[in-house]
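The values are calculated or read from the model by the stated rules, or taken from the named source; none is laboratory data. All values reported here derive from a predicted model rather than from experimental measurement. So basically every Cβ, Gly included, is an ideal-geometry build from the backbone, and we count neighbours across all protein chains shown.
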Amino acid sequence: MVKVEIKAGTLRDICYVAANLREQDKREIFATARLDSGTQAGAASYLSSPDWCWTAWLDGQPVAAFGVSIGNYIYQPHLRYAWAYGTNKFKRATPAITRFCIQEWPERLIAEGVTRVEIRSLADHDLAHKWLSAIKARKEADMPNYGVNGEAFELWAWLKEDWQDVL
């Protein structure tokens, strides 16, 4: 069995993943922003919070990118936004990504004063919803007409009280 390696994200590696997206992730990303390419999505992900970006590697290449964006730190310093996307090999890396997020994020989030991490996902992105459930995120709302072309989304949240049992 090939071991998944989690590495700190670099602009190059995250852009590589974003340029080679699996179909569901591509639909989700392009439904939330006006972008010309997956590479722009990778750059936006990385630049939004470079200290909170990681990649998952299989067979010597990045297959997934994931992280947490800060958003509006002045008005909502307690709030962050999680994101994740990958290539067609993303599924093979999911268990390692899940372990990493559950083991590494809560303590650091709490230390930064974060009480809530929000995730918006296409309503039909079943792979994302399975992963969100695995990290104990909660579906909070349906978001009809949220996408740039009227796509339906779901709002999920991972709350500070959900992290207590992993600390």
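Could you check, for the range 85-100, whether at least one of its residues is among the hydroxyl-bearing types (Ser, Thr, Tyr), assigned to a helix (DSSP H, G or I) and within 15 Å of residue 24 (Cβ to Cβ)? Yes, some residue in the range 85-100 is among the hydroxyl-bearing types (Ser, Thr, Tyr), assigned to a helix (DSSP H, G or I) and within 15 Å of residue 24 (Cβ to Cβ).
Looking only at residues of the range 84-107 that are farther than 14 Å from residue 161 by Cα and over 15 Å from the mean Cα position of the chain (by Cα), we find that the one that is surrounded by the fewest Cβ atoms within 10 Å (Cβ to Cβ) is 103.
Evaluate the following for residue 81: is it free of Cβ contacts under 8 Å to residues at least 40 places away in the same chain, farther than 22 Å from residue 127 by Cβ and not basic (Lys, Arg)? Here the answer is no, as residue 81 does not meet what is asked.
Is it the case that residue 116 is within 13 Å of residue 83 (Cα to Cα) and either under 15 Å from the mean Cα position of the chain (by Cα) or buried (at least 16 other Cβ atoms within 10 Å of the Cβ) (or both)? No, not satisfied. Could you say whether any residue in the range 69-83 is among the aromatic types (Phe, Trp, Tyr), in a helix (DSSP H, G or I), surrounded by 14 or more Cβ atoms within 10 Å (Cβ to Cβ) and at pLDDT below 95? The answer is no; no qualifying residue exists.
It is to be established whether one or more residues within the range 104-120 are aromatic (Phe, Trp, Tyr), without any contact (Cβ under 8 Å) to a residue 60 or more places away in the chain and in a strand (DSSP E or B).
No: zero hits.
Do you know which residues across the range 110-139 are touching an Asp or Glu at 6+ places or on another chain (Cβ under 8 Å) and of a type in the set (D, E, K, R)? Scanning the range 110-139 gives 120, 136, 138, 139. Identify all residues within the range 121-154 that are free of Cβ contacts under 8 Å to residues at least 60 places away in the same chain, of a type in the set (A, V, I, L, M, F, W, C) and either under 25 Å from residue 93 (Cβ atoms) or in contact with a Phe, Trp or Tyr (Cβ under 6 Å, 6 or more places away or on another chain) (or both); write none if there are none. Within the range 121-154, 123, 131, 132, 134, 135, 137, 143 qualify. Any chance the range 50-67 includes a residue that's touching a helix residue (DSSP H, G or I) at 6+ places or on another chain (Cβ under 6 Å) and closer than 18 Å to residue 115 by Cα? The answer is yes, given that some residue of the range 50-67 is touching a helix residue (DSSP H, G or I) at 6+ places or on another chain (Cβ under 6 Å) and closer than 18 Å to residue 115 by Cα. Considered as a group, the residues in the range 7-32 that are of a type in the set (Val, Ile, Thr) and over 16 Å from residue 146 (Cα atoms) include one that is surrounded by the most Cβ atoms within 10 Å (Cβ to Cβ), and that residue is 17.
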